[in-house]
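Structure record follows, encoded as structure tokens.
Each reported figure results from applying straightforward, stated rules to the coordinates on display, with no laboratory input. A quick note: this is a predicted structure, and the numbers were derived from the prediction, not measured. Because the Cβ atoms are built from the backbone with ideal geometry, glycine has one as well, and the counts that use them run over all protein chains shown.
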Amino acid sequence: MFVSISTRCKGCGACAKISPEVFDLYGKFAIADQNKVCGNETSCIDAALNCPASAIVIDDWN
Ligand code: SF4
């Protein structure tokens, strides 16, 4: 699974609350630590589903 943040991000911080292992805020934009995605897939999906800007993009690389 590969997680990225699109330019639609509004910097609300919801993703960092839902999945703090993977997401953090850098200024007014979210960043995702791809190295932490493995093992945190469920919370990444949860963050994506709850992003008010639909800014979290998940690609399912297997
Ligand atoms: S939940 Fe969405 S809009 Fe909010 S900081 Fe995260 S990526 Fe950006």
Length released on extending from Lys28 to Lys10, taking residue separation times 0.36 nm less the Cα-Cα span: 5.8 nm
Folded to 0 to 90 degrees: helix 41-50 orientation relative to the chain principal axis, Cα: 30
Ellipsoid equivalent to the chain - semi-axes via the Cα gyration tensor, in Å: 17, 12, 10
Listed peptides 5-14, 22-31 by packing density, highest first (mean Cβ within 10 Å): 22-31, 5-14
